[in-house]
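Each reported figure results from applying straightforward, stated rules to the coordinates on display, with no laboratory input. In this text, all values refer to a predicted model and were calculated from it rather than measured experimentally. A quick note on method: Cβ atoms are made from the backbone with ideal geometry, for glycine too, and the neighbour counts reach across all protein chains shown.
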């Protein structure tokens, strides 16, 4: 499964107050990396505004890439190009609340999900992961000292 994410659109849904800050983008990328590792999916995130002159694609791991458009280019153009080049239509999702992008995805046979729906999916997946880790933490084996103490408590008197 793979996700093509309109980064600024999703960030505006998750943390609108961080939309213009660099830390906001980095926070979103951290959440998406956790989601990607948990779900073992491929993720492409496209943000407006490049830190460089030309288009940039930062590969953070083999299945996670952050794209920035070049000067005079928009994130929507990068997204459109990625949609048009997509060959595996069964397991590829476009994440955006932009009607034009969602329409383009539909025209190419891809499924689209609104940023609001995907934000809820991220929160649910990360919450399940946190809950699972908490259960694993609580299910630790008893130490030898604890075992000895419980043996003393439940010893039967002759």
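Quick notes on this one:
- Highest average packing first - 27-35, 79-87, Cβ atoms within 10 Å: 27-35, 79-87
- Overall dimensions of segment 63-136, expressed as equivalent-ellipsoid semi-axes from the Cα gyration tensor (√(5λ), whole Å, largest first), are 28, 15, 12.
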